Amino acid sequence: MNFFAAPLERLIEQFARLPGIGSKTAQRLAFHVISLPDEDAHAFSDAILEAKKTIGFCKHCQNLTDTEICPICANPTRDRTTICVVADPRDVLAFERTREYKGLYHVLHGTISPINGIGPDELRIRELVKRIDGSVKEVIMATNPDAEGEATAMYISRLLAPLGVKVTRLAYGIPVGGHLEFADGVTIIRSLAGRTPM
């Protein structure tokens, strides 16, 4: 039995499909959207549609961007000899907030997870390998310290070994199973400073 009008039920269902949003939060969000003035509701829906239409992947690092090359890759002051490999675009934000890391990034858009049907071919690993030329000296594996992150880091390090590039792993100060995006800046800075060869 539906307690709400069908359009409101559909809106609640859509919010509930978002990660980390339970049914109560979905209801609160739906009721909030319904209470918005028309111009704010249009601005909200337009922002979703515009982001969906214009956001793509940087042709170099695979980060999300609305241009062909993201601002980080386009910045001539970045250290082009170092690439930090992360699983998710949110991890780039975690590093950038520290203002300590000056190299480039590569976003995999996931980690190897056979149980979820995600293998190396579903990730942006091929694009990473293409970036390894004589100018890249170090690849820092910064995937999360969980089973999938470790498996992904090992797979990539073995793949890059014949290319003569140094592959290192962050020395994590976050617990096993933790996520890099939630780590504080001090922890990330220490992890970068203490990285070890793979």
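Brief remarks on what is shown
- Efficiency of FRET between I118 and T98 - r from beta-carbon atoms, R0 25 angstrom, step 0.05: 0.30
- Added length on full extension, which subtracts the Cα-Cα distance from 0.36 nm per residue, K52 to V129: 24.9 nm
- Taking 0.36 nm per residue of separation and subtracting the current Cα-Cα distance, fully stretching the chain between L36 and V186 would add 50.1 nm.
- Three-way shape call for the range 1-123 based on the alpha-carbon gyration tensor, with the a/c threshold at 1.5: prolate
- Pairs beyond 23 Å (Cα-Cα), from K24/K53; K102/K130; K59/K102; K53/K102; K102/K137: K24/K53; K53/K102
- The relative contact order of the range 44-198 comes to 21 percent, based on Cα pairs under 8 Å that sit 6 or more residues apart.
- Span from the the range 41-59 Cα centroid across to the the range 1-35 one, whole angstrom: 21 Å
- Mean ellipticity per residue at 222 nm, deg cm²/dmol - from DSSP H runs of n ≥ 4 across the chain, formula -39500 (n - 2.57): -13000 deg cm²/dmol
- Shape category assigned to the range 53-116 from the gyration tensor of Cα positions, a/c cut at 1.5: oblate
Where a number appears in this text, it was derived from the coordinates with a stated rule and is not lab data. Predicted model only: the values in this text are computed from it and were never measured. Cβ: placed from backbone, ideal geometry, glycine included. Neighbour counts: every protein chain shown.
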